[in-house]
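Colleague: What follows is a structure written as structure tokens; I'll ask about it next.
What follows is calculated from the coordinates using simple rules that are stated; it is not laboratory data. Just so we're clear, the structure is a prediction, and the values are computed from it rather than from any experiment. Here the Cβ is made from the backbone with ideal geometry for all residues, glycine too, and neighbour counts use every protein chain on show.
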Amino acid sequence: MPSTLSDQLEQVRCHAEACLYSTGSVLEVRAGISAMANIPLPPSVKYRYIAAETMIIENGSLQRLSTALNILEKYGCNLTSSSRPKYWRAVKHNNPVFRATVDAIQGGRAVLCLYGYSNQQPDGLSFPDEVVEPDIEKVAAVTLEVMSLRMELDMLIKVWTNGSYSEIFQRGWKCVCVCVFFTSETCIQLSLFLFPFADNCTICAIFPVAAHCNSCVQWLCTECDRLYHSSAERANHHRTVVTSSKMRKNHSVFSLCMSPEWQCKSCTVVNAGSSILCEVCERPRLATKPPLTQMICSSPILLQWMCQFCTYVNYTPASVCEMCDRARPEPAKMRVKLHPPSQVKRVPVLSVKPKDPPMEDPDLRRQKLMREEGLKLIQLIRDGEKKGVSPEEVYTGMRVSGDGNILPCDWLKAELPHLLDQICATSSRAADLKAGQNQNGGGVTLSRAEAKLAWLSAGGDTERAAKQALRDRHSKVKELCSLGFTDEVRCQEVLRQSEGEVRGALSLLQRPLMEPFHQRMWSDQPEPPIDINHPDKQRVCRRLLAVYDLPSWGRCELALSLLQERTAPYSLDDVVQAVRESHDRDFIRRVLAKECPICLSDFPHSKMQSLTSCQCSVCCGCFQQHFTIAVRDKHIRDMVCPVCWEPDINDPEHLNSYFSTLDIQLRECLEPEVYDLFHKKLTEQALIKDPKFLWCSHCSYGFIYDGDQLKVTCFQCRNSFCAQCKKPWESQHGGLSCERYQSWKRENDPEYQRQGLAGYLRDNGITCPNCRFQYALSKGGCMHFSCSQCRYQFCSGCNNPFHTTCAVIHCSVTGLHAHHPRDCLFYLRDWEPGRLQALLQVEAYIIFFLSISGLCGVIEQKDESGQQTDSACGAQTQPGHAGLCEKHYREYLVSLINGHSIDPAPLFNANELVPACRRYQVDDTRGELEDDVTYYTRILEKLIDEVPLGDKVPRKK
């Protein structure tokens, strides 16, 4: 039969392993595990890899073992899975689930080693570095055994809970002793069932077992079976005849392990269930010593023998000492003398004389006396603990009192104070004699606490206690003197006040020294400044360490040495700040002496300020003065570094980040009214970017207009203007668009007709592309224009920005420059008026008439004596130039070209066309055998197609 079960087990195991590490389903794996668990074979036969029997014996709780096996099963399933976790190579000890389950049982880490976690790490287990993949077949086999063992444990727990103990034998678990937490009655029944074969009867424990009762779970001899089942209640119990007996040594151990308390069979003291030795007689838990009279009556053949090692008296047939577990020495063999058999004679019956009472064994009497004295001492110690007396005092008092009728606690209360005073007086006299003083001189005065400690250490001997107390006092005085307190008389006094405690005496000695500090701390007076010229250098360093929280004593000495240098007028705060950052003396000196590039004075690093946009540093005074002037008298874009004039405010990205950090710096250094003005200008700068922001054409006041009507009234000057064309509002503008209004004005307004083209150029002057502020100025002259409102720099002909950091690819120009389109006034102002007129006549069909000469009346911005003034041009006009000078007439013609979006490229000659293609990165490579007409026509068409006209050029007609 076992061979058949083994074959069945092997077949089920192979099938389940294949399903586990291959593509088998979960149901197939569970069916294989269930079939393997239900095969009734012992654990040693069923499990090849894991020590199932050892794990069950060494772990007390089946439920905890089952939980740990469940976690181990998950580790194995993760390794056999096709999609393993990311960190499958290691198992961490700090995992709370691992600590509470796998690491809390015996044999858990052994199963992990079987999986492959054989490399011990400081924080857990891991696979060896040379192992790339786990051994799937072995991991599947071990995981299968873990699953089977957990299933069997769950079924075993269920069997015990339901009381169906007969199933345990059917599963092959009868040889395993499992300690689980059930009730006492269940444990006894389970222990009797798990170990069913006994040598002797469970009732009399003398005669061998003859029958087993399944109803009451008893193993009985013939006589006990007859008497026990003679009762009417147990007459119908079914009993089985036992033909052979087997050992069940573990039955008593199992029953004892489950009992909460046990009673010593020698001294009858009830001990705790977790203790192994008796609290009183210190005999082992399983040691048995029945009374001598009972042993002699029940078994007259028992003899005594004394252990040669512990002198304990044992009884035969025991061959091992019950106290020290040492074997009994073999007695010397005696030669046996053989006598021939004698004839049987009749002997008359003699009267039996009474025997003398047996003499008491001295060893037994000694053991009994020791036990009684121990019990008495334990009781005295317990009484003393209730009264606040230590065990040492009780023991010493019992030795010194000598009278068994007086309790040690009573003696200690009545006699110990006088005895301690005697020890103190003896020590004082001995100290006086040693110092050569008379008895009336001032000597060492001990406290009762010191005398008590010496009396206890001397075991109650007063003379030894006095000498010991005196030695202890001298050593404590020497310790205080080593700490800097040289007055021995004062040290003796504070030791007496602190009852010999060195820490308490040290506190009393330091209290006068701390008194000035306490008075200074609790007084209302300000903290006195640190005097760096004080003769006590350590005192100055201590104050530096306490007040300024320097990192070390060496930093304090370094700061003091720097402050005492004659050639370096450093302040205390500056030196402390520098020393806190570094310990290099040369570096600290460089930090403490930095030159301001504006005022050329030396300042420490903490008194210098710098902006986030550059590496320049200036002193706090120059920094404050520069930004105060910039806020009050200059534009918001002039608030840059006073040394390198960085950053470039025209860049919007730099603008936002720069002003966000500058605001924090100016809040701390500027005066409140100046800082408020800075915030006002910063707010205006942000409002300019709003598309609903308008500038008043009368007073240059800016505001947000959220309406949809053309007529806008300024909040500052209360005058009205057009929201679209920004012209002063007239009643004729109502109901007309801006273009129709301008046409009506040219036809009906005599003043406008009188001004002619000069008024046209004024009305169509320069408009800032950034803030949309309008200037009634001519575009002639320098094309680089800087807006007075927002400081935006741009070309007045095409509105493209001027910048120093160019974003155009392949641009090699350095410095301030702009990129102009081909229809910008920047290029067309060099054309002759006749050429510009020809372009207009061809493209826009505009006819030009002759006009008389005179002075040009176009308003320009002129620099007179360092001031910017607006005045008329005043240059001589030419005939046919519409009453304008040549410069402004060209500007007028270009405005017409831009207004009609006319491309000037068709009029480019060869010297203009090729540079234009190269300027705008148009391929001007000439083909082979290509004539001039074909070449120039081709690159002209390519220039017009690839490069559009300027998108920012004003297109007003």
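Colleague: Using the alpha carbon gyration tensor of segment 483-570, what are the three equivalent-ellipsoid semi-axes (square root of 5 times each eigenvalue), largest first, in whole Å? Let's see the in-between values first.
Modeller: Working: eigenvalues 231, 51, 26 Å².
After diagonalising the Cα gyration tensor, the semi-axes are 34, 16, 11 Å.
Colleague: Further question: Between Leu736 and Met521, what length comes free when the chain is fully extended (0.36 nm per residue of separation minus the Cα-Cα distance, one decimal in nm)?
Modeller: Contour length minus Cα-Cα distance gives 69.0 nm.
Colleague: Say the dipole of segment 690-748 comes from +1 at the beta carbon of Lys and Arg and -1 at that of Asp and Glu; which of Thr713, His698, Leu736 then lies farthest toward its positive end?
Modeller: His698
Colleague: Next up: How much FRET efficiency would the formula 1/(1 + (r/R0)^6) give for Val132 and Asn38, where r is the Cβ-Cβ distance and R0 is 41 Å, rounded to 0.05?
Modeller: Once rounded, the FRET efficiency stands at 0.60.
Colleague: Okay, next question. Using a simple spin-label model with points 7 Å from Cα along the Cα→Cβ vector, what separation in nm is obtained for Ser61 and Ser118?
Modeller: Result for the modelled spin labels: 3.3 nm.
Colleague: Expected output is a single nm value to one decimal: the length gained when fully extending between Ser700 and Ile664, i.e. 0.36 nm times separation in residues minus the C-alpha distance. What is it?
Modeller: Length gained between Ser700 and Ile664: 9.9 nm.
Colleague: Also, quick follow-up: What's the magnitude of the charge dipole for segment 13-136 around its Cα centre, counting Lys and Arg as +1 and Asp and Glu as -1 at the beta-carbon? Answer in Debye, nearest 20.
Modeller: So the dipole magnitude of segment 13-136 works out to roughly 280 debye.
Colleague: Viscosity 0.890 mPa s, temperature 25 °C: Stokes-Einstein D of segment 371-435 from its Kirkwood Cα radius, in µm² per second?
Modeller: 187 µm²/s
Colleague: In nm, what is the difference between 0.36 nm times the number of residues separating Met514 and Lys86 and their Cα-Cα distance?
Modeller: 147.8 nm
Colleague: Can I ask one more? Kindly flag which residue pairs out of Lys689/Lys745; Lys138/Lys158; Lys386/Lys413; Lys387/Lys452 have an alpha-carbon separation exceeding 20 Å in this structure.
Modeller: From Lys689/Lys745; Lys138/Lys158; Lys386/Lys413; Lys387/Lys452, over 20 Å: Lys689/Lys745; Lys138/Lys158.
Colleague: With no solvent and one equal point scatterer per Cα, compute the Debye intensity ratio I(q)/I(0) for segment 690-748 at 0.15, 0.26 Å⁻¹ and report its log10, rounded to two decimals.
Modeller: Values, matching the q order: -0.43, -1.07.
Colleague: Now for a different question. Relative to the compact-globule scaling 2.2 N^0.38 Å, provide the ratio for the alpha-carbon radius of gyration of segment 5-171.
Modeller: Details: Rg = 16.0 Å, N = 167, 2.2 N^0.38 = 15.4 Å.
That ratio works out to 1.04.
Colleague: Next question, about the same structure. Suppose R0 equals 25 Å; then what is the FRET efficiency for Ile378 and Ala318 from their Cβ-Cβ distance, rounded to the nearest 0.05?
Modeller: So, using R0 = 25 Å, E works out to roughly 0.30.
Colleague: Using alpha carbons only, what's the Rg to Rh ratio of segment 608-689 with Rh from Kirkwood?
Modeller: Values: Rg = 11.8 Å, Rh = 12.8 Å.
Checking Rg against Rh, the ratio lands at 0.92.
Colleague: For Ala100 and Leu483, FRET efficiency with R0 = 51 Å and r from the beta-carbon atoms, rounded to 0.05?
Modeller: 0.50
Colleague: How big is the convex hull of the Cα atoms of segment 46-120, per residue, in Å³? Don't skip to the end; give the middle numbers.
Modeller: On the way: hull volume 7.5 nm³, N = 75.
Value for segment 46-120: 100 Å³ per residue.
Colleague: Additional query: Viscosity 0.692 mPa s, temperature 37 °C: give me the Stokes-Einstein translational D for segment 537-592 in µm²/s, with Rh taken as the Kirkwood radius over C-alpha pairs.
Modeller: 297 µm²/s
Colleague: Where nothing but the Cβ of Lys and Arg (+1) and of Asp and Glu (-1) is charged, how large is the charge dipole of segment 690-748 around its Cα centre, in debye to the nearest 20?
Modeller: That gives segment 690-748 a dipole magnitude of about 180 debye.
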